[in-house]
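Notes for the one structure printed next.
The values are calculated or read from the model by the stated rules, or taken from the named source; none is laboratory data. In this text the structure is predicted, and so the values were computed from the model without any measurement. Every residue, glycine among them, receives a Cβ derived from its backbone with ideal geometry; neighbour counts consider all protein chains shown. Accessible surface areas use protein heavy atoms only, side chains included; no ligands, DNA or RNA. Shrake-Rupley method; radii C 1.70, N 1.55, O 1.52, S 1.80 Å.
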Amino acid sequence: MGSVKVMACCRQLFLPHARALALTTKMASSVNIICCIRRNLSSSSSLRSSMPAWVIDEYGNNGVLRFTEDATAPSVNSASEVLIQVHAASLNPLDISMRSGYGSNLLKLRRDPVSLGQNGGEFPIILGRDVSGVVVDCGSGVTHFKPGDEVWAAIPPWKQGSLAEMVNLTEYEVSHKPRSLSHKEAASIPYVAATALSALVNAGGLCRNNCTNKRVLITGASGGVGTFSIQLLKAWGAHVTVTCSHNAEGLVRGLGADEVVDYTAGDMATELGLLEKFDVILDNVGGDSEQWALGLLKPWSGAKYVTLVTPFLLNIDSMGLLEGAVHSGLNLHQKAITILPVVEATFLFSQVPLAFQKVEGGHARGKTVVTVAQEEEGTGVTEEEGETSDTSEQVREEVRQAAPKS
């Protein structure tokens, strides 16, 4: 089979039934925003009817973000559910797209099958796809978790997100957080890790046992998916070439990249064409890269081009189902916890709209962190020099003063 046919197969959307993956940047991307939401909840917190959260009541630009202290608090409603107190949450480019209504028709149908043809019934929506926190309540059928367990998860896009005090998931969507990671670090990983693992393993056919001497090219490698993929591939023994801007070269080389091509320095396609051909190309950029990338693959060798940029949702307003990818991804990367979280900038919880702007601006160098409160002693987390953490009441007061009101 030639590389062109392999590429076409790899552009199918990944479903839980292990079909080939072509995830979009709308679903996972090169950067994460991490929101540490550490609150001192009472033992009755799981019974509250309301909670603080960032919500949207309509689709649009950053102006639709609204802080409220009266968001509906989740509770355990079925035997398999787990209620989680959010310690840290992450914002992906998917949230930027969801804020604007991307994928809204299918997501609304997935939330409520009887909502077909209805407008506005999905609001208010809480964004945020990654969470790290502590279990506070469990359904009667939950066997893998108990109150007090530290967990992490990538939240399916049809569920209420993690920019809130509490989130409710099934036990099958949650994994135990590695003890070596703080909540802030853990929240930077799940969604980009699930994306990278699905792209490289399910679509690219790579694994720990077959990567030695494999040549892999990652375009747009300085963001969340790229920085995770570099470290994973190097741990598996692959030779990794990446593209990024000159000011990100130190970052990607520090993570293990063997060769770096500066896309701002000239004709990137020509420079890449001078290198030895590749077994797998992971494309985080899209655009005209598809026109020249196939020529960089080893001919007649089963080489694969995997793109994370596809018009699938734009064309049919449909969202791929990530349950299988997310759950298997979390289990896989529990074995790869030596991978370093890459943090670029920090914001206060009251500055969540500014964090959205940061992600929307692109040119990511890993993750952007929003800190709310210092984690408890013994978690291994230290505050950055000059940075202070707000108490819960200080955060709420800052948000009252700064956040847009409806």
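Brief remarks follow.
- Summary of packing: across the peptides 266-276, 178-188, the per-residue average of other C-beta atoms within 10 Å ranks them, highest first, as 178-188, 266-276.
- FRET efficiency, Ala235 to Glu58 (Cβ-Cβ, R0 56 Å, nearest 0.05): 0.80
- Accessible area (Å², 1.4 Å probe, nearest 10) - Lys277: 80 Å²
- A simple packing score, the average count of other Cβ atoms within 10 Å per residue, orders the peptides 222-228, 248-254 as 222-228, 248-254, with the highest score first.
- Tail weight of P(r) past 24 Å, computed on alpha-carbon pairs of the range 48-202, percent: 34 percent
- When the range 87-144 is reduced to its Cα atoms, the Kirkwood hydrodynamic radius in Å: 13.8 Å
- For q = 0.13, 0.15 Å⁻¹, Debye-computed log10 I/I(0) when each Cα of the range 234-282 counts as one equal scatterer: -0.30, -0.40
- The range 46-119 shape via C-alpha gyration tensor axes, a/c threshold 1.5: oblate
- Scattering curve values for the range 140-271, log₁₀ I(q)/I(0), Debye with Cα scatterers, q = 0.11, 0.20 Å⁻¹: -0.51, -1.16
- Debye-sum result for the range 197-259 in log10 I(q)/I(0), which assumes one identical scatterer on each alpha carbon, at q = 0.12, 0.17, 0.24, 0.25 Å⁻¹: -0.25, -0.49, -0.95, -1.02
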